[in-house]
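Q: Encoded as structure tokens, here's the structure I'll be asking about.
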2 protein chains.
Amino acid sequence: MAMARRMTRPSEVTRERIIKAAERLFAESGYDGTSIRAIVAKAKVNQAAINYHFEGKDGLYREVLRAAFRGLTEHQLAHAEELNSMSREEALAQFVRRQLQPLLGRDEYSRHMRIFNWETVQPTAVFRSLVAEEAAPFLGLAADLVHRFLPDADQRTLTVAAVWLLGQCSVFVRNREQLPQPPIGLVLDEPAVDWLAATIGRWVIAGLQPAGRS
Amino acid sequence: MAMARRMTRPSEVTRERIIKAAERLFAESGYDGTSIRAIVAKAKVNQAAINYHFEGKDGLYREVLRAAFRGLTEHQLAHAEELNSMSREEALAQFVRRQLQPLLGRDEYSRHMRIFNWETVQPTAVFRSLVAEEAAPFLGLAADLVHRFLPDADQRTLTVAAVWLLGQCSVFVRNREQLPQPPIGLVLDEPAVDWLAATIGRWVIAGLQPAGRS
DNA sequence: CAGGAATTCAAACGACGGTTTGAAAAATGG
DNA sequence: CCATTTTTCAAACCGTCGTTTGAATTCCTG
């Protein structure tokens, strides 16, 4: 009975290679659209490695999804304290700008958002449970933001306002591919995204400002 | 050279049966998630019928997508005139309420919206062209609505405002599955949707109201 | 440096995907 | 009613999918 408690190093690098390649491909083409063979080709590992390390495609996807969730919450909650030291207007504008970040590039955060987008149409069981467990603090952050504008609102109104706030950003993120094309025709460089964030921020602030009633 | 110009009746019913079944299945599981065998089983036709009538799965999907687009624009533009006779506040509230309709049931309009949702993550070429051709009047409707609140705004602001308006509704429609579950926990019956539409409508109106500047 | 466990590898398996085929069955038109 | 076209049908084809297999190789440890 050998108690192999030490981490084995060389196998970890293939694990990482697989996860990295899978994250990119899942973000690009979704779960069904990504084949095991495409993943192992990109990761340059053997095909059986996925079943060996993750017990199948499902297990790998589960792992990628977990990592994406961790990335998202860290990315957002890391700046949560800064928001508290700002005015509510500044804090909301900052939040909106950060939500619009994926419009600019294909960084890690954008990939994570894209993986979640695949899930919104028909959520996996894995995704459902992850949302139920881990999305609460993130939604809470948005709820806290709107709470500073609606101090007298009841719980339901606050929750709806939080979802509403997220929707105003996500519609642009989700339809990023369509925005530059007709009939919309938006340019998506950095100043344009800054302007967009500022505009949306102004509308949100004005929308929540005078509405004290539930 | 027989000029068979007359429509053949009995074959049309199988065409319709296929389209009807395909629309439901595509809405439920998307293009990749729906198999030819599932469609013909639901439509109770032979498997080769799809290739015969539509020249393959792509052709069938194209047809379903066209029908969905027609349904959407008709559904919205049919009430476009009514909006003009209302005050801008009433018109916007009506528009929001109509956008939130899919929250309630699984009617035809909801299915069409669901098919579009599948496309937003990675749009098909067919979908892209349909959007470019046929979405303009629908987006124009939204743009006209916000134009009544922002009479001095430039073109870009109006377009962004239209997309923004649609986003505030679609975030609820898109995540309909998640809304009743934790950590959100919304009930989605008719009075709740009415309240939701009214609340969103109020926020949008307040948001656009004082912001006259671009 | 053995010896055993952990990991990699090429190949194949079985299931399911969309499409094709060629003949049988209706439908059409003179 | 017959000749021709149109439509249906069961079966098979061919490719891709995720997974399994069993041997070869590498890694760790005593």
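The values are calculated or read from the model by the stated rules, or taken from the named source; none is laboratory data. Quick caveat: nothing in here was measured; it's all calculated off a predicted structure. Because the Cβ atoms are built from the backbone with ideal geometry, glycine has one as well, and the counts that use them run over all protein chains shown.
Q: Kindly establish whether A:Gly30 is on the phi > 0 side of the Ramachandran plot, more than 9 Å from DNA strand C (Cβ to nearest atom) and within 14 Å of chain B (Cβ to nearest Cβ).
A: Details: on the phi > 0 side of the Ramachandran plot: yes; more than 9 Å from DNA strand C (Cβ to nearest atom): yes; within 14 Å of chain B (Cβ to nearest Cβ): yes.
The answer is yes for A:Gly30.
Q: What is the residue count in the range B:33-81 for residues that are more than 16 Å from DNA strand D (Cβ to nearest atom) and within 14 Å of chain A (Cβ to nearest Cβ)?
A: 2
Q: What residue, among those in the range B:52-70 that are more than 16 Å from DNA strand C (Cβ to nearest atom) and within 17 Å of B:Arg15 (Cβ to Cβ), is surrounded by the most Cβ atoms within 10 Å (Cβ to Cβ)?
A: Here the residue is B:Ala68.
Q: Let me ask something else about it. Inspect the range A:118-130 for any residue being buried (at least 20 other Cβ atoms within 10 Å of the Cβ), more than 12 Å from every other protein chain (Cβ to nearest Cβ) and under 14 Å from the mean Cα position of the chain (by Cα) and give the result as yes or no.
A: no
Q: Restricting to helices (runs of 4 or more DSSP H) lying wholly in the range B:25-132: which have 3 or more residues that are in contact with a helix residue (DSSP H, G or I) (Cβ under 9 Å, 6 or more places away or on another chain) and modelled with pLDDT of 95 or more? Even if it seems obvious, please write down each step before you answer.
A: On the way: elements: B:36-43, B:48-54, B:57-77, B:80-84, B:88-99, B:108-121.
Of the helices (runs of 4 or more DSSP H) lying wholly inside the range B:25-132, those with at least 3 residues that are in contact with a helix residue (DSSP H, G or I) (Cβ under 9 Å, 6 or more places away or on another chain) and modelled with pLDDT of 95 or more span B:36-43, B:48-54, B:57-77.
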